[in-house]
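All remarks here apply to the structure that follows.
The values are calculated or read from the model by the stated rules, or taken from the named source; none is laboratory data. On a predicted model such as this, the values are computed, not experimentally measured, just so you know. Neighbour counts run over all protein chains shown; Cβ positions are idealised from the backbone, glycine included. With ligands, DNA and RNA removed, areas are computed over all heavy atoms of the protein, side chains included. Shrake-Rupley method; radii C 1.70, N 1.55, O 1.52, S 1.80 Å.
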Amino acid sequence: MTSSESSHEVFIGALDQGTTSTRFIIYNSEAKPIASHQLELTQYYPEAGWVEHDPYEILKSVKICTAKALEKATAAGYNVEDGLKAIGITNQRETIVMWSKSTGLPLYNAIVWMDLRCNLICRSLEKRLAGGKKHFLETCGLPVSSYFSAPKILWMIENLYGVKEAIRTGDCMFGTIDTWVIWNLTGGCGTPYGDKYVRGLHVTDCSNASRTMLMNLKTLEWDRPTLEQLGIPFEILPKIVSNSEPIGLIANGWPLSGIPITGCLGDQHAAMLGQLCLKGQAKSTYGTGAFILLHTGEEIVQSSNGLLSTIAYKLGPDAPTKYALEGSIAIAGAAVQWLRDGLGIIQTASDIEELAETVVNTGGVYFVPAFNGLLAPWWRDDARGVLLGLTRFTNNGHIARAVLESLCFQVKDVLDSMHKDFDNSGGDFLLRVDGGATVNNLLMQTQADFLGSLVVRPADIETTARGAAYAAGLAIGLWTEEEIFSSKNEENSTTFIPNMDAEKRKKMCEAWCEAVSRSFNLAFLSC
């Protein structure tokens with residue numbers, strides 16, 4: 001590439017702040033990645049079932065990843081200093097931060113989405129509210145669960161004096177991770193910018209807001225009756241915007257100072273956009289957890305089978321809101337990390353495929369990774385992990401294969417529920433997949449076998465960041481929505497075709513459901 005060619009190029013940045021890592025990817029005008037940098041994030045477990053992040057470490061990782069990605073792009077001959085026109089942000093959802101408006105200091109660590117400390121609060125709400133666990137379903141699409149942001153807010157208010165005092169004095173700010181990052185990127189509690197003094201913007205987008213239990217799915221506004229019933233003050237909440245619109249400029253002191261932030265989506269919604277899912281199409285992202293979304297168009301579908309109604313995406317302030325059914329699985333890739341870090345059975349996460357292929361099946365072993373309870377479609381916070389069917393014949397290969405199969409069984413459970421809730425009789429079903437674990441060919445073939453359906457893996461599996469880039473580029477006119485959805489998203493993709501006898505599939509799924517039932521009512525074991 002010559003300097004004259006690179007000087008006319010336009011680039012979009014995508015910040016992907018996930019549960020276990022932060023990455024920054026730079027895309028060219030054809031939505032092809034040209035440079036990236038990634039850092040792992042420290043996980044803190046102060047008590048059993050508690051999971052936290054350091055909000056400052058998140059910000060530090062954002063700064064380092066952005067700077068390093070820019071350095072790599074420049075070293076490769078790209079003129080990103082002049083050509084990068086906007087960035088999109090995507091993030092782990094439901095994880096919350098509370099901080100001081102005046103000092104910018106966090107009032108506590110970030111409480112991560114999979115944290116279970118709010119279970120007692122949730123049980124109390126279920127008893128107090130007329131509709132019990134389903135009290136807010138019609139309004140926000142979500143059951144009462146420690147998974148979502150609202151119970152975490154209540155825990156902070158009830159247990160942290162600093163939070164209660166900050167709320168009393170009007171100094172408290174709440175946000176999911178997108179809000180915390182944007183507030184700091186756009187000025188925080190005050191940053192000189194030219195002849196101005198800018199303060200951070202307190203905003204979130206509708207997809208992240210839809211995961212708090214506090215947003216009305218129809219109006220896309222904070223629901224006042226819900227706030228009143230829960231005792232959460234409206235004043236601490238950010239402004240809700242769409243997924244694709246100018247939000248604010250990056251302030252001095254950060255890489256890309258002066259560049260606009262024009263896209264923001266929760267990670268699973270970004271992946272749905274990155275996979276170019278239209279009505280009736282589904283995607284599954286395999287990361288720390290696994291997250292399956294089925295696009296339901298402009299219709300809010302209320303599930304009768306343990307799924308969530310949520311936003312798919314809203315690509316502009318005046319664009320129609322697209323909705324989805326979602327099933328979330330708490331432990332997917334995290335189970336592979338457990339084999340590596342907890343048991344030492346493998347040295348790297350990629351080793352699991354080779355180890356699992358040393359055996360032809362699990363030898364009758366079933367593993368249910370209910371480390372933090374079970375989410376969709378079971379919603380059992382009293383479940384705990386179980387490993388069943390062990391004999392003297394069992395070896396590490398059988399356990400590794402059982403761990404991989406557990407991911408596929410869980411995804412099938414969710415998709416079976418989706419098919420019951422949403423009539424998608426327009427043709428043969430296929431599942432689009434993305435996320436780091438999808439490089440495992442055995443996992444993907446097993447998924448196709450268990451579903452009895454095609455599984456399609458794109459050439460670029462980092463579709464979460466790609467979705468954020470699409471949203472940001474759309475807002476500045478780099479692409480139109482028609483151009484985005486006409487992209488050749490299946491170019492160089494890999495299709496996995498099911499190769500399992502239907503009767504065998506049926507028997508294995510029945511055995512899996514029996515194993516899942518054995519994981520229930522085990523929370524007392526940790527007492």
### Task
For Arg211, state whether it is on the phi < 0 side of the Ramachandran plot and open to solvent by 10 Å² or more (accessible area, probe 1.4 Å).
no
### Task
Being outside any loop (DSSP other than H, G, I, E, B) and surrounded by 15 or more Cβ atoms within 10 Å (Cβ to Cβ) is the filter here, so list the residues in segment 345-358 that pass it.
Asp351, Ile352, Glu353, Leu355, Ala356
### Task
Provide a single number: the residues in segment 321-344 that are out of contact with any Lys or Arg (no Cβ under 8 Å at 6 or more places or on another chain) and either surrounded by 19 or more Cβ atoms within 10 Å (Cβ to Cβ) or part of a strand (DSSP E or B) (or both).
15
### Message
Just to confirm my filter: which helices (runs of 4 or more DSSP H) fall fully inside segment 137-239 and include at least 2 residues that are farther than 29 Å from Val62 by Cα?
### Response
137-140, 149-159, 161-168, 224-230
### Query
Which of the residues belonging to segment 477-514 are on the phi > 0 side of the Ramachandran plot and either of a type in the set (A, V, I, L, M) or modelled with pLDDT under 90 (or both)?
Asn492
### Summary
Counted residues in segment 275-296 being of a type in the set (S, T, N, Q) and over 10 Å from the mean Cα position of the chain (by Cα) come to 4
### Query
Do the conditions hold for Cys140, that is, is it closer than 28 Å to Asn305 by Cβ and touching a strand residue (DSSP E or B) at 6+ places or on another chain (Cβ under 9 Å)?
yes
### Task
Considering only residues that are hydroxyl-bearing (Ser, Thr, Tyr) and in contact with a strand residue (DSSP E or B) (Cβ under 6 Å, 6 or more places away or on another chain), look in segment 43-65 and name the one that is most open to solvent (accessible area, probe 1.4 Å).
Tyr44
### Task
Scan segment 288-310 and give yes if some residue there is without any contact (Cβ under 8 Å) to a residue 60 or more places away in the chain, over 22 Å from Lys412 (Cβ atoms) and part of a loop (DSSP other than H, G, I, E, B), otherwise no.
yes
### Query
Say we look at segment 125-160 and pick out the residues that are more than 23 Å from the chain's Cα centre (by Cα) and of a type in the set (Gly, Ala, Ser); which of these is least open to solvent (accessible area, probe 1.4 Å)?
Gly132
### Message
Please go through (1) surrounded by fewer than 21 Cβ atoms within 10 Å (Cβ to Cβ); (2) assigned to a strand (DSSP E or B) for Ile261 and return the number of the only condition it doesn't satisfy.
### Response
(1)
### Message
Against the definition (in contact with a helix residue (DSSP H, G or I) (Cβ under 7 Å, 6 or more places away or on another chain) and of a type in the set (Gly, Ala, Ser)), how does Ala150 come out, yes or no?
### Response
yes
### Summary
Considering residues that are touching a residue at least 12 places away in the same chain (Cβ under 8 Å), assigned to a loop (DSSP other than H, G, I, E, B) and either within 30 Å of Asn119 (Cα to Cα) or among the polar types (S, T, N, Q) (or both), the number found within segment 491-527 is 7
#### Entry: Residue pairs meeting the criteria (Cβ under 6 Å; at least 6 apart or on separate chains; first over 16 Å from Leu478 (Cβ atoms), in segment 20-31; second in a loop (DSSP other than H, G, I, E, B))
Thr20/Leu41; Thr20/Thr288; Ser21/Leu41
### Task
Name, by its number, the condition in (1) open to solvent by less than 30 Å² (accessible area, probe 1.4 Å); (2) out of contact with any helix residue (DSSP H, G or I) (no Cβ under 6 Å at 6 or more places or on another chain); (3) under 30 Å from Gly333 (Cα atoms); (4) not in a helix (DSSP H, G or I) that does not hold for Gln268.
(4)
### Task
Only one of these is touching a strand residue (DSSP E or B) at 6+ places or on another chain (Cβ under 9 Å), of a type in the set (Asp, Glu) and modelled with pLDDT under 95: Glu94, Glu81, Glu5, Glu30. Name it.
Glu94
#### Entry: One residue from Ala31, Ala76, Ala14 being of a type in the set (Gly, Ala, Ser) and surrounded by fewer than 19 Cβ atoms within 10 Å (Cβ to Cβ)
Ala76
### Message
I'm trying to understand the selection: among the residues of segment 17-28, which are open to solvent by less than 20 Å² (accessible area, probe 1.4 Å), within 19 Å of the chain's Cα centre (by Cα) and farther than 13 Å from Lys68 by Cα?
### Response
Gln17, Gly18, Thr19, Ser21
### Query
Can you pull out the residues in segment 216-235 that are in contact (Cβ under 8 Å) with a residue 40 or more places away in the chain, open to solvent by 30 Å² or more (accessible area, probe 1.4 Å), among the charged types (D, E, K, R) and within 22 Å of Ile157 (Cβ to Cβ)?
Glu235
### Query
Restricting attention to segment 84-118, which residues are surrounded by fewer than 20 Cβ atoms within 10 Å (Cβ to Cβ) and polar (S, T, N, Q)?
Ser100, Ser102, Thr103, Asn109
### Task
Give the residues of segment 189-208 that are among the acidic types (Asp, Glu) and open to solvent by less than 30 Å² (accessible area, probe 1.4 Å), sorted by residue number.
Asp205
#### Entry: Among (1) assigned to a strand (DSSP E or B); (2) open to solvent by 30 Å² or more (accessible area, probe 1.4 Å); (3) aliphatic (A, V, I, L, M), the one test that Leu278 misses
(1)
### Single condition Pro246 does not satisfy, out of (1) more than 14 Å from Tyr323 (Cα to Cα); (2) in a loop (DSSP other than H, G, I, E, B); (3) over 21 Å from the mean Cα position of the chain (by Cα)
(2)
